[in-house]
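The values are calculated or read from the model by the stated rules, or taken from the named source; none is laboratory data. Quick caveat, the model's predicted, so the values are computed rather than measured. For neighbour counting, all protein chains shown are included, and Cβ atoms are generated from backbone atoms with ideal geometry for every residue, glycine included.
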Amino acid sequence: MKIVVPYKWTCDPEEATARADGTVDWSRARPGVSTYDPVAIELARGLAQATGAELIGVTVGAKGVGAAIASKAVLSRGLDRVVVVEDDSLKDAGRADIAAVLAAVVGHIGDVDLVVTGDSSVDVAAKMVPTTLAGLLGWPAVAEVAAVTGQPGTLRVERAIPGGVQTLEISGPAVLAASADAVTPHVPGMKDLLAAGKKPVEHLDLASLKVPARSAVMTVTSRSRPERKARKGQMIDTKDPAAAAAELVKALRGAGAL
Amino acid sequence: MDFELTDEQQLIRDAVREFAESEVAPTAAATDRDHRFPAELVPRMAELNIMGIPYPEKYGGAGGDYVSYMLAAEELARACATTSVILLAHCSLATWPVYHFGTEEQKERYLRDMASGRRLGAFALTEPGAGTDAGATTTTAVLKGDEYVLNGSKIFISNAPYAEIYIVFAKTDTAAAGTRGISAFIVERDTPGFTVGEAEHKLGIRGSSTPPLYFADCHIPKDALLGGEGNGFKVAMQTLDGGRIGIAAQALGIAQAALDAAVGYAKERVQFGKPLAAQQAIQWMIADMATAVDAARLLVYRAAWCVDNGRPYGTEGAMAKLFASEAATRVADRAIQVHGGYGYTEDYPVERNYRDAKITEIYEGTSEVQRMVISRAALR
């Protein structure tokens with residue numbers, strides 16, 4: 001069995017700062033594995049340990065995604081090998097472009113039984129790549145996955161739905177997007193970290209891949225922020241706690257917060 | 001000159017930070033408040049191979065370098081100074097002499113368990129009348145046939161109630177003056193005649209249990225001798241040469257935690273209509289604190305680099321410990337000042353940083369001893 005886990009090497013917006021003109025300064029942000037990708041790796045690792053599957057990490061992006069530290073960071077979490085497509089033409093690639101290259105890599109690896117992705121990337125959070133990838137591969141896509149067990153051809157997937165858990169059986173390859181809290185990623189041990197550099201890393205040339213052609217191009221034409229409402233500055237006298245609580249509840253109801 | 005950490009060092013630092021933030025930090029305040037040894041963290045650190053980072057894999061260690069080990073010590077101290085010293089006392093003080101001075105048979109018997117973290121170690125040098133003056137050791141080890149018989153006592157022994165393997169220093173030649181005639185021994189827990197006393201309550205690192213040890217006609221096998229008879233002082237001093245780099249890393253972690261807290265508080269607390277961080281007096285305090293922490297970091301990792309590159313590190317380690325420990329006390333003091341009255345309460349972590357920092361100026365060689373080492377080198 002082969003399980004592919006796409007991962008992203010990127011900066012966390014928490015480490016970026018906003019300039020006075022509204023643009024983002026990323027200069028002090030340190031790149032790392034996108035926050036929810038270790039959840040996907042952990043979820044896939046559990047299935048791989050149960051089935052003996054090979055666990056393959058895949059990343060695509062501009063120069064830097066193939067840095068040795070990036071590969072070691074994910075390999076230390078239990079992947080058997082990684083495949084990297086590093087090309088500056090992907091610097092401003094949209095989600096559909098990224099999904100298309102991922103689909104080509106899955107085809108290059110061959111005989112892939114399952115793709116497990118993170119919930120979304122920490123920097124863009126578009127939640128589009130898993131479904132777009134699945135569409136290109138012609139596979140079902142399942143989001144909010146909390147657990148996966150079974151073998152190729154009889155995968156059993158649990159996913160969170162409003163008010164409960166849904167269980168699915170999938171008879172063929174699929175793309176699963178792990179929910180952000182599906183599992184708690186384990187902390188890599190020191191030996192795993194030190195051994196990660198010895199695991200295989202394959203660098204693929206973008207030009208050599210059969211990337212599916214896109215039928216449409218999506219461009220962001222504008223962004224806007226909701227207008228900031230002026231603070232009401234309403235003060236509540238707390239001399240009488242019971243009366244103050246009642247007044248607070250009334251104010252919150254009036255504002256539509258309760 | 002390359003000041004960057006290697007990929008492995010960065011990843012180790014990040015992994016230990018992840019462990020420290022998620023599993024160590026949440027219990028740090030309770031560990032301190034209750035004077036509680038966080039015994040549950042030892043097997044977790046063993047599971048992550050943190051307990052023997054610098055030792056070869058063939059001996060149960062992780063096969064990492066000393067810089068990585070110091071990064072781990074720093075990150076742990078940033079979350080909890082107690083947890084950091086549990087690791088340091090075990091890895092630097094107890095495991096190191098077995099690795100460097102042990103016979104192959106001793107390494108086979110003890111090193112794998114110690115470097116893997118399966119069995120915790122302790123280092124028993126200090127006595128009621130022998131602190132900085134280690135030569136004033138009065139615990140004796142008399143050879144009788146195939147055994148040594150230990151009599152005496154030790155105090156302030158980190159990890160003692162939970163350790164299983166103790167490196168004990170005793171006089172084998174009571175006629176020899178001063179530091180001569182001292183030998184080192186590997187003593188196992190539950191050896192008849194060996195008891196662990198009650199731990200005292202301390203100002204800081206309150207979860208680090210440091211009770212006395214008592215030896216009353218304690219018989220140990222002859223092959224428990226470590227490093228040859230009469231070589232105990234050399235074993236102790238060389239062990240402490242490396243151990244003090246670890247204490248410097250611990251001090252650095254404490255200082256970093258205090259600085260982080262001060263910066264966070266200064267950005268949020270508003271007085272006179274603006275955050276404290278907008279006030280020049282606070283800005284200058286933060287500048288001094290940040291500079292001290294960065295200087296300490298450079299000294300710690302320079303000393304660790306010396307270890308990794310086979311360079312002499314006695315003076316470098318002494319400089320790192322002297323500077324980092326005094327910086328930690330100073331930075332923690334300023335951090336409380338930035339916090340004002342709130343910093344004086346247990347609701348904020350800086351008072352714990354302040355109490356934890358002080359011991360780093362004292363144990364594993366006081367600042368006065370470090371000054372002796374450094375001046376001796378400088379005046380050669």
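Among the residues of segment A:1-27, just one is in contact (Cβ under 8 Å) with a residue 24 or more places away in the chain and touching a Phe, Trp or Tyr at 6+ places or on another chain (Cβ under 7 Å), namely A:C11. In the set (1) over 30 Å from A:A67 (Cα atoms); (2) at the interface with chain A (Cβ under 8 Å from one of its Cβ atoms), the condition left unmet by B:I53 is number (1). The lone criterion from (1) in contact with a helix residue (DSSP H, G or I) (Cβ under 7 Å, 6 or more places away or on another chain); (2) buried (at least 24 other Cβ atoms within 10 Å of the Cβ) left unmet by B:D241 is number (2). Confirm whether A:K198 is more than 19 Å from the chain's Cα centre (by Cα), surrounded by fewer than 16 Cβ atoms within 10 Å (Cβ to Cβ) and within 14 Å of chain B (Cβ to nearest Cβ). Against the criterion (more than 19 Å from the chain's Cα centre (by Cα), surrounded by fewer than 16 Cβ atoms within 10 Å (Cβ to Cβ) and within 14 Å of chain B (Cβ to nearest Cβ)), A:K198 qualifies.
Selection over segment B:156-187 of residues that are assigned to a loop (DSSP other than H, G, I, E, B) and closer than 19 Å to B:A130 by Cα gives a count of 14.
Residues in segment A:61-80 that are more than 14 Å from chain B (Cβ to nearest Cβ) and free of Cβ contacts under 8 Å to residues at least 60 places away in the same chain: A:G61, A:A62, A:K63, A:V65.
Applying the selection to segment B:7-23, what residues are facing another protein chain (nearest Cβ under 7 Å) and touching a Ser or Thr at 6+ places or on another chain (Cβ under 8 Å)? Please lay out each step first, then the result.
First pass over segment B:7-23, keeping only residues facing another protein chain (nearest Cβ under 7 Å): B:7-8, B:10-12, B:15, B:18-19.
Listed by number, the residues that qualify are B:E8, B:L11, B:I12, B:A15.
Residue selection: B:D190 fails the criterion of being on the phi > 0 side of the Ramachandran plot and assigned to a strand (DSSP E or B). Only residues that are within 14 Å of chain A (Cβ to nearest Cβ) and free of Cβ contacts under 8 Å to residues at least 24 places away in the same chain were counted across segment B:27-43, and they come to 0.
Give the residues of segment A:4-41 that are at pLDDT 95 or above, more than 13 Å from every other protein chain (Cβ to nearest Cβ) and touching a Pro at 6+ places or on another chain (Cβ under 9 Å), sorted by residue number. Those that are at pLDDT 95 or above, more than 13 Å from every other protein chain (Cβ to nearest Cβ) and touching a Pro at 6+ places or on another chain (Cβ under 9 Å): A:P6, A:Y7, A:D37, A:V39, A:A40, A:I41.
One residue stands out among those in segment B:105-121 that are in contact (Cβ under 8 Å) with a residue 40 or more places away in the chain and surrounded by fewer than 23 Cβ atoms within 10 Å (Cβ to Cβ): the one that is farthest from B:P221 (Cα to Cα), which is B:S116. Inspect all residues belonging to segment A:36-52 and state whether any of them is more than 18 Å from the chain's Cα centre (by Cα), small (G, A, S), within 15 Å of A:V122 (Cα to Cα) and not in a strand (DSSP E or B). No, segment A:36-52 contains no residue that is more than 18 Å from the chain's Cα centre (by Cα), small (G, A, S), within 15 Å of A:V122 (Cα to Cα) and not in a strand (DSSP E or B).
Annotation note: of B:P54, B:P97, the sole residue that is outside any helix (DSSP H, G or I) and within 24 Å of B:L125 (Cα to Cα) is B:P54.
Residue by residue, here is whether (1) assigned by TED's automatic domain parsing to the domain that holds B:I157; (2) touching a Gly at 6+ places or on another chain (Cβ under 8 Å); (3) closer than 20 Å to B:T195 by Cα; (4) surrounded by 24 or more Cβ atoms within 10 Å (Cβ to Cβ) holds:
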position: B:A94; (1), (2), (3), (4): no, yes, yes, yes
position: B:T103; (1), (2), (3), (4): no, no, no, no
position: B:A136; (1), (2), (3), (4): yes, yes, no, no
position: B:T139; (1), (2), (3), (4): yes, yes, yes, no
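In the set B:A62, B:A77, B:A89, B:A46, only one residue is within 13 Å of another protein chain (Cβ to nearest Cβ), in a helix (DSSP H, G or I) and either within 21 Å of B:L259 (Cβ to Cβ) or touching a Ser or Thr at 6+ places or on another chain (Cβ under 9 Å) (or both); that residue is B:A46.
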